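Every read-out reported here was derived from the displayed coordinates using simple, explicitly stated rules and does not represent laboratory data. Treat the numbers as computed from the prediction; the structure is a model and nothing was measured. Neighbour counts run over all protein chains shown; Cβ positions are idealised from the backbone, glycine included.
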């Protein structure tokens, strides 16, 4: 198994080597800026790891991996506009540094570049890659719309929330893994197992993010703690607390958005058992992901790297 | 040759039959709304006409044709945001009727649907279609960025302007025609001739649009006359007048944006020869398009329908 950091370094190099035009510079300066902001590059790493299972060299998987990463970056640029987010990875977002029009258009451009990477596969695998990519991309947009719709809803069901994070963030991890299996000419069952592993892991990761937003160490978590609570965001943690019907929850929601509210939420959600229930939900999805790996192992496939990724992404005891 | 109106009706029916999800309804209501606004459907008609030359039935060409039309509609939704346009085809634009966030996301979605149509071709033609589509899409974005950049420039060269309209509007017509040749398994020269025919025709059409904006009959033209002049837009007509260096042009630019300015521009641009020079430029591109048809005819291909389209789109004596 090739180490994650080795793949990350390889991908960073490939990303900086993507050929982009020079003109119009307003368009391409933004793309270079945004792509250089970094990130864990987890999605394209998943494609390389998945391909490795079927002995497909990284040089053959890299275009599919890059298409996933470019799509991810496109969605971040547009989401940042829609969310009015000023900062991404500690740097100004594109619409803040330039303007909204340039951010819309550079997102569009990045999106095309994603498909441009896929066009490197001109054999029978292209149709399968394209189909998987399109279906995933449509779902990601649906998830973003659901997320925006949720903001103006009085309440959201737990099922609705899980479906939203499945669409908005998890299916892309599934697609990244399925790509490796498509490139490796695997049957539909193997492709499906890898896809489902990615989706379940993605849901678990997002739920973990909800918990860390309140309970994470800001030095490690890398974000301001309590942002979700300050905006009464309907995360799973929030919904679990709401489901208790406890009046203290309603009082918390009405509190002013300051550090006292965050401190109070930490204690209250613990007392109401919301933290524990959310952690259990996360571990449930993690277990589902492990089930998919077992099915792959039953076919004689080596899944060490995927186990390592799961452990790297998810801390089961929070 | 199948009539243009027959193809237009066929496409209208196919467009309204595109399967879209129902949820989230905010996303799909916008798409149905925008796609129902109509338009000439000229781009997808070109694909069907081009396919007809090689005896490819419309039922086989239609997915490629729809991908072009969906892409075109995506670009209109996003361009309308960037241009702050309140009205499109006599109806409120998406960002006006809903909001900017929904317009960004529904544009993104339409774009994916365009690629979704392409995925209907799973044979060897897919890679060629995808490559042509990607290259064109990248150029369309570049053209839109150039157009936005031009607004804040003091002056623009004629070459710069032609390059902008080539990228922003004409290459998509070229791609629509090339698609028919790809589906018909034609060699690169034939594909190139059809593509170039579309590009030259598209440039001629855009130049005609510049002339009609000032000199068109509003009842026929369907837009308010003089919009370009009121905003001092750097169209070819404007640039041709500017190139004369005549002081009356500079005075016109400084005039208040009202009907007197439009009336004055009509007379002045005629006197300065700008109208004639712009018309000559348009006819030059029209002639180039005819050259491409001659080369296709030399190969024994039937081009009646393309001649008819060119005559339908361009009035040589304005």
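What residues of the range A:188-216 lie in the reach of a label at residue A:315, counting those whose backbone N is under 15 Å from a point 7 Å from the Cα along Cα→Cβ? Once the point is set 7 Å along Cα→Cβ of residue A:315, A:205-216 turn out to lie under 15 Å by backbone N, inside the range A:188-216.
Ordered by the count of other Cβ atoms within 10 Å of each Cβ, fewest first, B:150, A:197 give B:150, A:197.
Ranked from shortest, the separations from the 7 Å Cα-to-Cβ label point of residue B:288 to its equivalents in the other copies are 5.6 nm.
Here the protein assembly as shown was treated as a single set of alpha-carbon atoms; its pair distances binned every 10 Å from 0 give 3, 15, 23, 24, 17, 10, 6, 2, 0 percent. The Cα center of the range B:172-204 and the Cα center of the range A:261-318 differ in position by 53 Å. Quick one: angle between helix A:125-151 and the longest Cα principal axis of chain A, in degrees between 0 and 90, rounded to 10, please. In chain A, helix A:125-151 runs at an angle near 20 degrees to the longest axis.
Taking one quarter of the surface of the convex hull spanned by the alpha-carbon atoms of the range B:91-198 gives a direction-averaged projected area of 8.8 nm².
The mean number of Cβ atoms from other chains found within 10 Å of a Cβ in peptide A:77-88 is 2, as a whole number. Calculated FRET efficiency, residue A:36 to residue A:232, Cβ-Cβ distance, R0 = 56 Å: about 0.95 to the nearest 0.05.
Sorting the segments B:264-275, A:84-95 by their residues' average number of neighbouring beta-carbon atoms within 10 angstrom, most packed first, yields B:264-275, A:84-95.
Once a ≥ b ≥ c are taken as the square roots of the eigenvalues of the Cα gyration tensor of chain A, is the result rounded (a/c under 1.5), prolate (a/b larger than b/c) or oblate (a/b not larger than b/c)? Oblate shape, in that a/c is at least 1.5 and b/c is the bigger or equal ratio.
Quick check: from the Cα gyration tensor, does the range B:100-139 come out rounded (a/c under 1.5), prolate or oblate? Note, shape of the range B:100-139 comes out oblate. Remark: the Cα gyration tensor places the range B:1-134 in the prolate category, a/c being 1.5 or greater and a/b exceeding b/c. Exposure proxy shown here: for A:58, B:97, the number of other Cβ atoms within 10 Å sets the order, fewest to most, as B:97, A:58. In terms of packing, defined here as the mean over residues of other Cβ atoms within 10 angstrom, the peptides A:200-212, B:228-240 line up highest first as A:200-212, B:228-240. Across peptide B:138-146, the mean count of Cβ atoms from other chains lying within 10 Å of each residue's own Cβ comes to 6.
Against chain A, whose longest principal axis is taken from its Cα atoms, helix A:4-16 shows a tilt of about 70°.
Between this copy and the others, label points of residue A:85 are 3.0 nm apart in ascending order, each placed 7 angstrom from Cα in the Cβ direction. Annotation for residue B:304, label-to-label distances across the other copies: 7.1 nm (shortest first, one decimal, point 7 Å from Cα along Cα→Cβ). Label positions at residue B:220 and residue B:302, each projected 7 Å from the Cα along the C-beta direction, are separated by 3.1 nm. Model label sites at residue B:266 and residue A:276, defined 7 Å from Cα along the beta-carbon direction, differ in position by 8.2 nm. Computed from Cα positions, the angle between helix B:188-215 and the longest principal axis of chain B comes to roughly 40 degrees. Per residue of A:113-120, other chain Cβ atoms within 10 Å of the residue Cβ number 5 on average. Subtracting the Cα-Cα distance of residue B:243 and residue B:152 from their residue separation scaled by 0.36 nm leaves 30.9 nm.
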